[in-house]
Amino acid sequence: MPEIIDIYNDDAIKIGSADRIYVHKHGLWHKTLHVWLIYKDGDKNIVLMQLRGKNVGTAPKKLDATVAGHYQTGETLVEGLREIKEELGIDVSITDLIPLGLRMTASFDEKKCQTNREFQDMYFIRINKKLDEIIFLSEEVDG
């Protein structure tokens, strides 16, 4: 089943929805959620990044936020937090988010010859877990 996501103009105003593959193929603006987890290791605060899986559609084998994913069509930030549960098995609340801002980014994939344009909602989240207690979704995260 196709994954439908919302598309936006250059001013981040929603202008419609389309299949994610179509959106990436045509370089349309869309929104994503990027979350970096901060965990304690003794007295140190550690920011956790992920090594993206080798089979993911965008930026395989690259370092990224701990959690990164597309909002599904009509999805709000609260609903988008499902990405954290899906990728790490951690339930979080909107009150756990530490806002970093909105980043506009565009990148070009030479192998696919396509541009990826994103409005990225960016956050930190502090967790009270040790690294070995975090479950990584093996289909999406290699490390």
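The values are calculated or read from the model by the stated rules, or taken from the named source; none is laboratory data. If you're wondering where the values come from, they're calculated on a predicted model, not measured in any experiment. Positions of Cβ are generated from backbone atoms using ideal geometry, with glycine treated the same way; all protein chains shown enter the neighbour counts. Note: areas computed on protein heavy atoms with side chains; ligands, DNA, RNA excluded. Shrake-Rupley method; radii C 1.70, N 1.55, O 1.52, S 1.80 Å.
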Set 25/85; 85/130; 31/61; 54/112; 61/85; 14/112 screened for pairs whose C-alpha atoms are more than 24 Å apart: 25/85; 14/112
Region 1-122 - charge dipole about Cα centre, Lys and Arg +1 at Cβ, Asp and Glu -1, debye rounded to 20: 480
Considering only region 16-143, percent of DSSP beta bridges that pair antiparallel, nearest 5: 70
Accessible carbon and sulfur surface of region 1-118 relative to its total accessible area, %, 1.4 Å: 54
Around residue 54: net Lys/Arg minus Asp/Glu count, Cβ-Cβ under 11 Å: 0
Rounded accessible area of residue 104 (nearest 10 Å², 1.4 Å probe): 110
Probe 1.4 Å, all protein chains present, accessible-area order of 117, 126, largest first: 126, 117
Value of [θ]222 nm, deg cm²/dmol, for the chain, DSSP H segments ≥ 4, -39500 (n - 2.57) each, nearest 500: -2500 deg cm²/dmol
Most to least packed among 79-89, 8-18 [average Cβ atoms within 10 Å]: 79-89, 8-18
Probe 1.4 Å, accessible area per residue of region 58-143, Å²: 60
Cβ-defined net charge surrounding residue 97, 12 Å radius [Lys, Arg +1; Asp, Glu -1]: -1
Within-12-Å neighbourhood charge of residue 17 [Cβ basis; K, R +1; D, E -1]: -1
